[in-house]
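Colleague: First the structure, which I've put down as structure tokens, then a few questions once you've had a look.
The values are calculated or read from the model by the stated rules, or taken from the named source; none is laboratory data. For clarity, every value in this text was computed on a predicted model and none was experimentally measured. FYI the Cβ positions are ideal-geometry reconstructions off the backbone, even for glycines, and counts take in every protein chain you see.
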Amino acid sequence: MTRVTNFIRDFVRQESFAGLLLMATALLAIIITNSPVRGYYEALLGTPVVVQVGALEIAKPLLLWVNDGLMAVFFFLIGLELKREFLVGELNKPQNVILPAVGAIGGMFAPALVYILFNQQDAVALKGWAIPAATDIAFVLGILMLLGDRVPISLKIFLASLAIFDDIGAIVIIALFYTSKISVTALFVVAVSIAILAFMNRRGVVTKSIYLLIGVVMWVAMLKSGVHATLAGVILAFFIPMKNPDNPDHSPLKDLEHDLHSVVAYVILPAFAFCNAGIYFGDVRISDITHPVTLGIAAGLFFGKQVGVFGLCWVAIKSGFCKLPDEVSWMQLYGAALLCGVGFTMSLFIGSLAFEEAGVNLMFDERLGIIFGSLISGLFGYLLLKRSLVTSSLVKSG
């Protein structure tokens, strides 16, 4: 149990700092976008980057290289974490799975429903229904870090586990609903790549570089197929061996996870936040703030998340389907549900898939709703948890 607790603490400590770094880079992007050097920022994001090998050419602006390329590495890390958690981690124990899974389901459906209620008359706006369904675990744990060691470890495990199920939901949503015109030829290359990965895994191949090479080929094919390229990262992760048959103490999967965690937390996610959070407020009007898309996202994140997560968890616990985590009060669970409304990174990513990459000329900026909804959820969740933790400490000391 001590090893598990230490692992969770190390994970939370790293993710917490990453969350604070995300906040800083997002704020920096907003400051730059609203400063005299705004033009340089936009020029940087629009810088064309071309990679060509023979007749194969990939030409994208820098922004899409970040969103399609670097984020594929982020999803690769998510896939590695998912596989480890289900094989040997906390999610390998059924009693630790039920409550966060229930919370994640409620936390995806309720925000989407709230968004749809605001935008049911607009077919274009409805494309963004999944934007408020995501939770940014790095931001959430960054906020928990501000509360210190008073936060029960069981509450941190609950939130981290819920975020994992939330990531699974986001992966499924992206695969099913945010694909463009399909290329059968490119999908055939993807299928062949998957078959090779499966063969290597079955044969006990543990050389990581070979898996990564096939993964790059699969990413390029996925990019050309119309299915979003970041899914290649998740697929590749599922074939990375958990164990080395010749060395029981060595895990290729854990090695890769360890190597990538710092790169993703301290480079890739801050780069994504910097490139996607820059909102120019100089021409924002009241009509932009009150636009159904903005309101739908903000309300989905703030109201939908807390109602969905806490409501479904309350029903599951009261019905005896599962139990409240140890040392966690109802008020603290509600505060955690509020924090789930911080959907920054994944919400921005899904927003780019729903609107920007769809080629739709929109009269609104979905990032306004994401920032407002995440900010309010984080603030209220922090204040409620701070109060409940102080109350809990006074009760224990009394």
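Colleague: Residue by residue through the stretch 59-96, note down the ones that are outside any helix (DSSP H, G or I) and either closer than 30 Å to residue 243 by Cα or in contact with a Leu (Cβ under 7 Å, 6 or more places away or on another chain) (or both). Please lay out each step first, then the result.
Modeller: Start the filter on the stretch 59-96 by keeping residues that are outside any helix (DSSP H, G or I), which leaves 59-61, 88-89, 93.
Matches in the stretch 59-96: 61, 88, 89, 93.
Colleague: Which of (1) assigned to a helix (DSSP H, G or I); (2) more than 17 Å from residue 338 (Cβ to Cβ); (3) in contact (Cβ under 8 Å) with a residue 60 or more places away in the chain is the odd one out, the single condition residue 122 does not satisfy?
Modeller: The number of the failed condition is (1).
Colleague: Scanning for something closer than 30 Å to residue 127 by Cα and without any contact (Cβ under 8 Å) to a residue 60 or more places away in the chain, does the stretch 272-279 turn up at least one residue? Working first, answer last.
Modeller: Filtering the stretch 272-279 for residues closer than 30 Å to residue 127 by Cα gives 272-279.
Pick out the ones that are also without any contact (Cβ under 8 Å) to a residue 60 or more places away in the chain and you get none.
No - not one qualifying residue is present in the stretch 272-279.
Listed here are the residues, each with its yes/no results for (1) more than 19 Å from residue 89 (Cβ to Cβ); (2) surrounded by fewer than 21 Cβ atoms within 10 Å (Cβ to Cβ); (3) out of contact with any helix residue (DSSP H, G or I) (no Cβ under 9 Å at 6 or more places or on another chain); (4) not aromatic (Phe, Trp, Tyr).
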{"residue": "103", "(1), (2), (3), (4)": "no, no, no, yes"}
{"residue": "107", "(1), (2), (3), (4)": "yes, no, no, yes"}
{"residue": "122", "(1), (2), (3), (4)": "yes, yes, no, yes"}
{"residue": "129", "(1), (2), (3), (4)": "yes, no, no, no"}
{"residue": "135", "(1), (2), (3), (4)": "no, no, no, yes"}
{"residue": "138", "(1), (2), (3), (4)": "no, no, no, yes"}
{"residue": "146", "(1), (2), (3), (4)": "yes, yes, no, yes"}
{"residue": "151", "(1), (2), (3), (4)": "yes, no, no, yes"}
{"residue": "164", "(1), (2), (3), (4)": "no, no, no, yes"}
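Colleague: Still on this model: Considering the stretch 166-209 alone, what residues qualify as being exposed (fewer than 15 other Cβ atoms within 10 Å of the Cβ) and more than 27 Å from the chain's Cα centre (by Cα)?
Modeller: 184, 185, 188, 192, 195, 199, 202, 203, 204, 207
Colleague: Could you check the stretch 336-368 and list, in sequence order, the residues that are modelled with pLDDT under 90, more than 27 Å from residue 266 (Cβ to Cβ), small (Gly, Ala, Ser) and in a helix (DSSP H, G or I)?
Modeller: The answer is 354, 358.
Colleague: I need the helices (runs of 4 or more DSSP H) fully contained in the stretch 137-208, keeping only those with at least 2 residues that are of a type in the set (A, V, I, L, M, F, W, C) and under 16 Å from residue 81 (Cβ atoms). Break it down into steps so the answer makes sense when it comes.
Modeller: Numbers: elements: 137-146, 153-177, 184-202.
Hits in the stretch 137-208: 137-146, 153-177.
To keep it simple, each residue is scored yes or no on (1) within 23 Å of residue 77 (Cβ to Cβ); (2) of a type outside the set (Asp, Glu); (3) part of a loop (DSSP other than H, G, I, E, B); (4) at pLDDT 85 or above.
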| position | (1), (2), (3), (4) |
| --- | --- |
| 241 | yes, yes, yes, yes |
| 259 | yes, no, no, yes |
| 263 | yes, yes, no, yes |
| 266 | yes, yes, no, yes |
| 279 | no, yes, yes, no |
| 283 | no, no, yes, no |
